[in-house]
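The values are calculated or read from the model by the stated rules, or taken from the named source; none is laboratory data. Being a predicted model, the structure only gives us computed values, none of them experimental. Counting neighbours? That spans all protein chains shown, and the Cβs are built from the backbone with ideal geometry, glycine included. Heads up: the accessible areas ignore ligands, DNA and RNA and are worked out on the full protein's heavy atoms, side chains in. Shrake-Rupley method; radii C 1.70, N 1.55, O 1.52, S 1.80 Å.
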Amino acid sequence: MVQHGERRTLILTGASRGIGHATVKRFSSAGWRVITCSRQPFSEDCPWEAGPEDHVVVDLRDPASVDAGAEEMRRRLGGEPLHALVNNAGISPKTDDGRRLGAIDTQLSVWRQVFEVNFFAPLMLARALAEELRVGRGCILNVTSIAGGRVHPFAGTAYATSKAALACLTREMAADFGPLGIRVNAIAPGEIDTAILSPGTEQLANDIPMRRLGSAEEVAAAIYYLCSPQASYVSGTEIHVNGGQHV
């Protein structure tokens, strides 16, 4: 665990469940300060001690809210460096009966909302916090998806396209932020066993080389590695966390 004077700080979007929850616990257990943000106020059911003082309410669908949220994040940092920004939040709208939305039946308003959350918010936050990341010699971690590289039975077209765009943006950001001493990487989870699994996801395990779903803790471990000094020369890459499903 790091000493108090060396405490590192993470800002994480989408911390309320699944991979986000596991990521908070992984970093907190290693002594990091974790500033979380979501549309909802801090939940008393959340398992970390920082509580409301390290939670920022931000609606990632609204660029004005993202701008205001970034300013509040800087205020919470109080001039201290930022060591990691993890853009984990994402939305994948479905039909009323839970089916994926395809290219034909997804309204343009839904496309715009998905891209605001999954693509533009990560870019806006990275740009807004670039100076704090530069001072901290920090890193940016974008959570993409296996759906960004193939048609997925459950993930909608807008979601998949936004994640493919985010993977490309990760490479571009690595080139542009690198001279500032900021690394930029992505992880692309596959089928992860969380409370929000689409019905039928378990059946996909038969087509995964490792023959099982992944855990949120396994994804969080990959995120932690890429944000740690052990990955100090890793930038511009996308790590697949999917049990070999992408091969």
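What FRET efficiency, computed as 1/(1 + (r/R0)^6) with R0 = 41 Å and r the Cβ-Cβ distance, is obtained for residue 68 and residue 228, rounded to the nearest 0.05?
Numbers: r = 31 Å, r/R0 = 0.74.
Result of the calculation: an efficiency of 0.85.
Out of 23, 194, 95, any idea which swings most in a Gaussian network model of the chain, alpha carbons joined below 10 Å?
95
On a 0 to 90° scale, report how tilted helix 157-177 is relative to the longest principal axis of the chain, with both axes built from alpha carbons and the result rounded to the nearest 10.
The two axes meet at around 30 degrees.
Ordered by residue, what ³J(HN,Hα) values in Hz, to whole numbers, does the stretch 128-142 give under the Karplus form 6.51 cos²θ - 1.76 cosθ + 1.60, where θ = phi - 60° and Gly and Pro are x?
Values, residue by residue: 5, 9, 4, 5, 5, 5, 4, 4, x, 6, x, 9, 10, 10, 9 Hz.
Once amide H atoms are built 1.01 Å from N in the peptide plane, which residues 5 or more positions from residue 140, or in another chain, come under 5 Å H to H?
Amide H neighbours of residue 140: 85, 183, 184, 185.
Could I get the Rg over Rh figure for the stretch 137-247? Both from C-alpha atoms, Rh via Kirkwood, rounded to two places.
Working: Rg = 14.6 Å, Rh = 14.6 Å.
Reported Rg/Rh, Kirkwood definition of Rh: 1.00.
Near the amide H of residue 238, under 5 Å away, which other amide H atoms are found, from residues 5 or more places off or on another chain, if H is placed in the peptide plane?
Amide H neighbours of residue 238: 186.
Only one of the listed values, [x] 30, 18, 17; [y] 23, 22, 17; [z] 28, 20, 18, was derived from the coordinates as semi-axes √(5λ) of the Cα gyration tensor in Å; which label is it?
Derived directly from the coordinates: [z].
With a 1.4 Å probe and all protein chains left in place, how much accessible area per residue does the stretch 118-247 have, in Å²? It would help to have the intermediate numbers written out before the result.
Numbers: 5820 Å² over 130 residues.
Here the per-residue accessible area is 45 Å².
Could you tell me the center-to-center distance, by alpha carbons, between the stretch 207-235 and the stretch 68-91 in angstrom?
Measuring centre to centre over Cα atoms gives 22 Å.
Please determine, in degrees from 0 to 90 and to the nearest 10, the orientation of helix 216-227 with respect to the longest principal axis defined by the Cα atoms of the chain, where the helix direction is its Cα long axis.
40
Given only helices, namely DSSP H runs of n ≥ 4 each adding -39500 (n - 2.57), what is the per-residue ellipticity at 222 nm of the chain, to the nearest 500 deg cm²/dmol? Mind showing how you got there, number by number?
Working: 7 runs with 82 residues, N = 247.
Theoretical 222 nm ellipticity from helices: -10000 deg cm²/dmol.
Residue-wise, which Karplus ³J(HN,Hα) couplings in Hz belong to the stretch 100-105, taking 6.51 cos²θ - 1.76 cosθ + 1.60, θ = phi - 60°, and x for glycine or proline?
5, 9, x, 5, 7, 9
So, taking all protein chains as they sit and a 1.4 Å probe, how much accessible area belongs to residue 29, in Å² rounded to tens?
80
Please list, ordered by chain and number, the residues whose modelled amide H lies under 5 Å from the amide H of residue 193; skip anything fewer than 5 residues away on the same chain.
Those lying under 5 Å, H to H, from residue 193 are 214, 215, 216.
Where is the GNM fluctuation largest for the chain (alpha-carbon springs, 10 angstrom cutoff): 208, 35, 11?
Most flexible of the set in this elastic network: 208.
Short version: ³J(HN,Hα) in whole Hz for each residue of the stretch 54-61, in order, from phi by Karplus 6.51 cos²θ - 1.76 cosθ + 1.60 (θ = phi - 60°), x for Gly and Pro, what are they?
10, 10, 10, 7, 9, 9, 5, 6
What is the sum of charges, Lys and Arg at +1 and Asp and Glu at -1, for the other residues whose Cβ falls under 11 Å from the Cβ of residue 149?
Working: positive: 150, 163; negative: 238.
Net of charged neighbours comes to +1.
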